Amino acid sequence: MSRDTLSEPRAETAAIRKPVVTGFFDPRTFSIQYVVADPATRRCAIIDPVLDYDEKSGSVATTHADQLLAFIAAERLTLDWILDTHPHADHFSAAAYLKAKTGAPTAIGEKVRGVQKLWNGIYNWPDRPADGRPWDRLFADGDRFRIGELEARVMFSPGHTLASITYVIGDAAFVHDTLFMPDSGTARADFPGGSAADLWRSIQAILALPDETRLFTGHDYQPGGRPLAYESTVAEQKARNTHVGSGRSEAEFVALRQARDATLPMPKLILHALQINTNGGRLPEPEANGRRYLKIPIDAFDGVAW
């Protein structure tokens, strides 16, 4: 866990409030969950919470989600939102669990309907809804909302998935799988519904934010064994990102991304996670014997690396 201080709010400009951002790292999936707090009102949001899942035993736990709740209680914060940036392919979302514990509303981008439809086809679920259920709010590009006195807005950021969004909250932007730390480049774009060209355009929109904007990524794979890092700035990304910095063109980026993606195996939990995450983090209903079951299609992807 890494955190700013809530007891001594940052100095703020008149125009842009600065949220206090605390990151919580899950080493199993290399994911970072965030609590984003308004120091003036002590209201907060959770972004991209992780529900623990062990694929070897089929066990589910709430260790990392409970860590978020313990932090919120210890800091005497009030939870306003549970936010996902997209339906994740490498971990389960804890949004449904956290909503059940707190009553806070859940939200994601409105393009999740397309992801639901796509994956309903892969799982052969013709009758499963693809209308954005069960989230409480589906954000459109440009939508605005508040966390206490912090103003937040939504940027549509497709490419990694067709439903990915960025949350811009005060001087901070939560980009999850769009940009990694500069030494790690960018996210893959070969999942169903992904597009390297769309990813390029989304990244350019993020890099058009003010240079001092703090960018918080959703994963850090610690290349070369370096210490954990997940915060950069727009200026740092433009100067040093290995995939998009130093004047690389769109055509060069698309070629690089497509060549690299062709060598990457699918995430080990993609077929487990998407049936959970296209349903807002809800686990399957128990069957007659009281157990829950996942559905894993065989040969769902053609020509992928092993």
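The values are calculated or read from the model by the stated rules, or taken from the named source; none is laboratory data. Computed from a prediction, not measured in an experiment: that's the story for all the values here. Glycine gets a Cβ as well: all are built from the backbone with ideal geometry, and neighbour counts include every protein chain shown. Ligands, DNA and RNA are excluded from the accessible area calculation, which covers all protein heavy atoms including side chains. Shrake-Rupley method; radii C 1.70, N 1.55, O 1.52, S 1.80 Å.
For residue 239 and residue 30, a Förster radius of 25 Å and the Cβ-Cβ distance give a FRET efficiency of 0.55, rounded to the nearest 0.05. Only DSSP H runs of four or more residues enter the estimate; each adds -39500 (n - 2.57), and after division by the residues of the chain the mean residue ellipticity at 222 nm equals -6500 deg cm²/dmol.
Extending 7 Å from Cα along the Cβ direction at residue 128 and again at residue 221 yields two label points whose distance is 2.7 nm. In the chain, taking the dipole from charged Cβ atoms about the Cα centre, the farthest positive-side position among 232, 60, 218 is held by 60. In region 16-99, the DSSP beta bridges split such that about 75 percent are antiparallel, to the nearest 5.
Report the net charge of residues surrounding residue 132, where surrounding means a beta-carbon distance below 13 angstrom and charges are Lys +1, Arg +1, Asp -1, Glu -1. Summing Lys and Arg as +1 and Asp and Glu as -1 gives +2.
Loop-located trypsin sites (Lys or Arg not before Pro) in region 243-306 (DSSP state other than H, G, I, E, B) with a sparse environment of at most 13 neighbouring Cβ atoms within 10 Å: 268, 291, 292, 295.
With Cα atoms defining each centre, region 151-215 and region 260-285 are spaced 20 Å apart in the structure.
For residue 187, what is the net charge nearby, where nearby means another residue's Cβ is under 13 Å from its Cβ and Lys, Arg count +1, Asp, Glu -1? Please report the intermediate quantities before stating the final value.
Numbers: positive: 188, 257, 260; negative: 90, 177, 190, 198, 220, 261.
So the surrounding residues net to -3.
For region 178-300, the relative contact order is 25 percent, taking Cα pairs closer than 8 Å that sit 6 or more residues apart in sequence and dividing their mean separation by the residue count. Annotation: per residue accessible area for the chain equals 44 Å², rounded to a whole number [probe 1.4 Å, protein chains only]. For residue 139, which sequence-distant residues (separation of 5 or more, or a different chain) have an amide H within less than 5 Å of its own amide H, given hydrogens modelled in the peptide plane? So residue 139 has HN proximity to 108, 109, 110. Dipole of region 51-133 computed with +1 at Lys/Arg Cβ and -1 at Asp/Glu Cβ about the Cα centre; of 132, 95, 73, farthest Cα towards the positive end is 132. Residue ranges 158-165, 60-67 sort as 158-165, 60-67 when ordered by packing (mean number of other C-beta atoms within 10 Å per residue, highest first).
Given +1 on the Cβ of Lys and Arg, -1 on the Cβ of Asp and Glu, and no further charges, what dipole in debye does the chain carry about its Cα centre, rounded to the nearest 20?
Numbers: 34 positive and 39 negative charges, 66 e Å.
That gives the chain a dipole magnitude of about 320 debye.
Using a cutoff of 8 angstrom between alpha carbon atoms and counting only pairs six or more residues apart, the relative contact order for region 19-82 works out to 28 percent. Tell me, in nm to one decimal, what length is gained between residue 301 and residue 100 on full extension, where the rule is 0.36 nm per residue of separation less the Cα-Cα distance? Result for the pair: 68.9 nm of gain on full extension. Counted residue by residue at 0.36 nm each, then reduced by the alpha carbon distance between them, the extension gain from residue 250 to residue 183 reaches 22.2 nm.
Could you compute the longest span of the chain free of GluC sites (Glu not before Pro) located in DSSP loops and having at most 14 other Cβ atoms within 10 Å, not counting the site residues?
Numbers: sites that count: 12, 55, 149, 212, 287.
The longest such stretch corresponds to 56-148.
Site pair residue 146 and residue 268 shows an inter-label distance of 4.5 nm when each label is modelled 7 Å from Cα along Cα→Cβ.
Of the residues 294, 83, the one with the largest accessible area comes first in the ranking 294, 83, computed with a 1.4 Å probe on protein heavy atoms. Using the structure shown, select from 111/238; 101/268; 111/295; 56/117 the pairs with a Cα to Cα distance greater than 26 angstrom. Long pairs (Cα-Cα over 26 Å): 111/238; 101/268; 56/117. The apolar share of the surface of the chain, taken as the fraction of accessible area on carbon and sulfur atoms (1.4 Å probe, ligands and nucleic acids excluded), comes to 51 percent.
If you keep only loop residues by DSSP, which chymotrypsin sites (Phe, Trp or Tyr not before Pro) in region 196-238 have at most 12 other Cβ atoms within 10 Å of their Cβ? Don't skip to the end; give the middle numbers.
On the way: sites: 200, 216, 221, 230; in loops: 221, 230.
Here the chymotrypsin sites (Phe, Trp or Tyr not before Pro) that fit, given the DSSP loop and packing criteria, are 221.
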